[in-house]
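Read-outs throughout are calculated quantities, based only on the coordinates presented, and are distinct from any laboratory measurement. The model shown is predicted, which means the values in this text are computed figures rather than measured ones. Here the Cβ is made from the backbone with ideal geometry for all residues, glycine too, and neighbour counts use every protein chain on show.
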Amino acid sequence: MASAIASRLGKAVRSEDGETAAGVLRIFSRPLVASAPSERLAAAGAAGPGALEAAVKSGIRDVSWGQLLARVCVAAQAWAEGRAGDALEAQLAALKLATEVTEEAETNWTVPVLQVVASDAFAVAVACFRGEAEFAEETRAERSAVLEQLAQSLRFAFATTAAHRLAGLDRSLSKKHGTLAIGLLMLRTYTLLGNIRVCVTMVRSIEGPGSLPLSSFPKHQLVPYKYFRGRIAVFQGDLVTARQSLEFALANTPATARFHRNRCRIMAVLVPVMLHFGRVASPGALAKFGLQHYGPLLDAFVAGHLGRFHAAIDANRAILVRTGVFVTLERLGQAVLRNLVARALPLAGGKSVVDLSIVRAALAHVGAASSQDAAECALAGLIRRGFIKGYISHSHGKMVVATKSSALPRTAFNGSH
């Protein structure tokens, strides 16, 4: 068994067949979930690292590939025996070796190997983080240290692909084609750690000067990247980019049972983002994607009831924080008031001069303002933000608005507030 696997890897390396080599070194099934390890690798691992290294060395001059195969097999064997810590240690050692052979290669033929070994390292590390095997009794801080270990190894792998210079080679041979796959693993890792600020830095590295255009990457990498890009943009307050990224991810995620969970995750972020553009998801859409907790919040938004809106946010604070949309919903206060004013203005009979007592009564009804000064302050904020076209006459207690059709321009919903 050991010699057969080593022989296959040796042949792939000699012919610079990265896809076949990656297939030999793959431990876990896809998607990236720590499931049953490959029986053939586990069996090969039982032969011992020395036998594997010798078997590969007999067909390849570079001993690194023999060591790489040995480490991967040891990881598979350890995982099969429930020794998650040993599996992680071996797989991280394999990732270091895969990074080294990728750095030494002149072209990008080893990139598939690096991606597979890194993916399996991520799978093992996440399993440990979630309390598999001996990690079940560890504290969260101790389990988080596992992800920090992984992140350090991934940084070296990412730098190896990102730093490659073409030096006259065909662009298709660039190792930079591996940056997005490794970058995605880093984004996932830092998201689990709750370190979004590092994710912002990662985005700059992936999209910065000297990087390949995103269109160069396969869609199965680009779609999840756009999801993370949207979440990071929400954190940065860049809701235009957030909308564009999340809509791309949703449009390119198949509407099938297999990908339904991914679509739900995208919609969980996109629904709050779209409120900043005046777009409200239907009750049917909320039910379809399991987002019924947004129902009371959206009803309050449409009604312009600020009190109920904030109550709905507080009632779902934990899930909104976990989704990363708590702050962006908190920023919608003035948009909610805009909707309230839109419901109150018809009481003025369509006139351009509106008695402030009408608006004040509406604001007081939803607990937004109780005094004349507070009402004027709230309206001044709406006017400044462009939600209302008009001005306030304090001495006359009136508000003069533009014609009925343009007093409340929808263009104010542009995601910039």
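Points to keep in mind about this one:
- Sparse-neighbourhood loop sites, GluC sites (Glu not before Pro) in the stretch 95-196 - DSSP loop, at most 14 other Cβ within 10 angstrom: 106
- Among 189, 201, the order by Cβ neighbours within 10 angstrom, fewest to most, reads 201, 189.
- Taking 7 Å steps out from each Cα toward its Cβ at residue 261 and residue 385 produces label points 3.7 nm apart.
- Radius of gyration and maximum dimension Dmax of the stretch 286-354, Cα, Å: 14.4, 46
- Normalised Debye scattering of the stretch 218-331 at q = 0.18 Å⁻¹ gives log10 I(q)/I(0) of -0.89, counting only Cα atoms as equal scatterers and leaving out solvent.
- Using a Förster distance of 35 Å, the FRET efficiency for residue 372-residue 279 (Cβ separation, nearest 0.05): 0.55
- The distance between label points at residue 17 and residue 219 comes to 2.8 nm (points 7 Å beyond Cα on the Cα→Cβ vector).
- Counting every other Cβ atom within 10 Å of each residue's Cβ, 73, 199 order from fewest to most as 199, 73.
- Note on residue 144/residue 171: beta-carbon distance plugged into 1/(1 + (r/R0)^6) with R0 of 41 Å gives a FRET efficiency of 0.60.
- Ordered by the number of other Cβ atoms lying within 10 Å of each residue's own Cβ, fewest first, 343, 258 fall into the sequence 258, 343.
- Pairs from the table (96/176; 11/219; 219/288) lying more than 22 angstrom apart at Cα are 11/219; 219/288.
- The modelled label-to-label distance between residue 311 and residue 204, using points 7 Å beyond Cα along the C-beta direction, is 4.4 nm.
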